[in-house]
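Derivation of every value follows stated rules applied to the coordinates shown; laboratory data play no part. Given the structure is predicted, the values throughout are model-derived calculations rather than measurements. Ideal geometry is used to build each Cβ from the backbone, glycine not excepted, and the neighbour counts take in all protein chains shown.
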Amino acid sequence: MLNISVIGLGIHQPPVLTTTAQQALGQAQAVFGSARQLASVAHLLATDCEPCELPKLTQLAQQLQPYQQVVILASGDPLLFGIGKFLQQEFPQQVTCYSGISSLQGACQLTGLSLQDAQLVSLHGRPLNSLRRHLQPNRQLLVLTDQHSQPQHLAQQLADVNLGASRLHVCERLGYADQRYRQFSVQQLLAHDLTFDALHVSVIETRGPGGIIPNFPGIPDHEFITDGVSVTGRGAGHGLLTKREVRLAILSLLQAGPDQIGWDIGAGCGGVAVEWALWNPKGQVYAIEHHQQRFDCLQANRDKFGVGQNLYAVQQTAPQGLSDLPSPDKVFVGGSSGALNAIMLAAWQALRPGGRLLASAVTEQSKATLLQFGNQVGCDIAELLQVSVSRADKLAGHDLLRPNLPITLICWDKPHE
């Protein structure tokens, strides 16, 4: 049986390894890693051990087939944004990890930041704008980066969300004799053509008024992109952004959890889907919208709030376009383009046992369709409520509360098998 030891080399040079990690290296038939990593442990390998360049992860299983005892070298801690989790998933019960001191720990040591006070963010191999979901004032972010997320790029993101007073700490070549630690303001990074070693970690202290990325659920309606006009204007997005108060009620009813898959059918400009993805980062949200201009707004809002890693925009017409999506745990039907009953039946069929289906209605005809749906599938309503919101307005110079149309929300819970 194949046994895989994953050894994190840490940030020290030469690596500081535990006795058990050294024993695993001495017993290995093959050791996989980069050329630099292999050279750093060459003196610990048995004479018949085969050093191998680490292949693409899609080819790894095939490369490991000839061996029983294998070591895979990793940087820092393989279980902290490293290869360890992937290997544990691919080779259950066959992987043992040995952690070294990570670059994130080294950055804390240099800057004096307590690790428990920091928010860990990996931009390595991830879109730069995924940083945005973390950019609220008075945060301490510990950031792993790549060539697309250099300190200047981070500074521009901070400036774009009204956090221009932030400080950035850049820790380069941690653990090497020539390691370097520098501090910068956002303005310094944007004004000067500075270069940084490829091996570096950034620490961000976010400062400034912010106000673009919310601190708490309930993003103000005007922060969403609705075809270049405010939600009170007239455009492709007008009326197709679920208002904040209703949005919060929907999210509360859905109660999305980690690792759960959600569908937002008729997502419009993405109000519900964006908040759903933002506040449940370990879940996945599929936002289905067929109208081109609304779909463009949906994508723009996904990028603005940095939720591209777990919000998938799907330009399809429901219910036809639902069959290719992964089975959901939670579904919200906010728009139907006249196919409400067919969409509800398709969503119910796809919904996993124990999942929840939630739909909204404004017209009496839509309410009647939803009530009839419950009879069709033989399931009692789990929750039914109506949200009525009135907002401040003026009439002839006088203050008043102008009511919006009430929204009816109805939930059904699919029985466990």
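Structure values in brief
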item	result
Volume per residue that the Cα convex hull of the range 1-54 spans, once the total is divided by residue count, Å³	81
Unmatched cysteines, the chain - criterion: no other Cβ of a Cys under 4.7 angstrom	49, 52, 97, 108, 171, 379, 411
Long-range Cα-Cα pairs in the range 221-413 (distance over 25 Å), rounded percent	32
For the chain, share of DSSP beta bridges that run antiparallel, in % to the nearest 5	50
Largest-first principal axis extents, alpha carbons of the range 52-118, Å	46, 24, 20
Spherically averaged projected area of the range 249-363 from its Cα convex hull (nm²)	6.5
Relative contact order (%) - the chain, alpha-carbon pairs under 8 angstrom, separation at least six	10
Mean Cβ neighbour count within 10 Å, used as a protection proxy, ranking 396-405, 242-251 highest first	242-251, 396-405
Alpha-carbon spread of the chain, three principal axes, descending order, Å	82, 55, 33
Sequence-distant residues sharing a close amide H with residue 113 (under 5 Å, placed H)	none
Calculated on alpha-carbon atoms, Rg and Dmax of the range 319-359 in Å	9.5, 28
Ordering of 93-105, 275-287 by packing [mean C-beta count within 10 Å, highest first]	275-287, 93-105
Computed over the range 104-205, Kirkwood Rh from alpha-carbon pairs, angstrom	13.5
The range 196-338, relative contact order [Cα under 8 Å, separation at least 6], %	24
Restraint check, 367/414; 243/367; 330/367; 56/304; 282/304; 56/330, Cα-Cα greater than 27 Å	56/304; 56/330
Estimated dipole of the chain in Debye, rounded to 20 [Cβ of Lys and Arg +1, of Asp and Glu -1, Cα centre]	640
R0 of 51 Å, Cβ-Cβ distance residue 199-residue 325: FRET efficiency to nearest 0.05	0.80
Descending semi-axes in Å of the range 3-101, equivalent ellipsoid built from Cα gyration tensor	18, 16, 12
Order of 240, 141, 325 under a 10 Å beta carbon neighbour criterion, fewest first	325, 141, 240
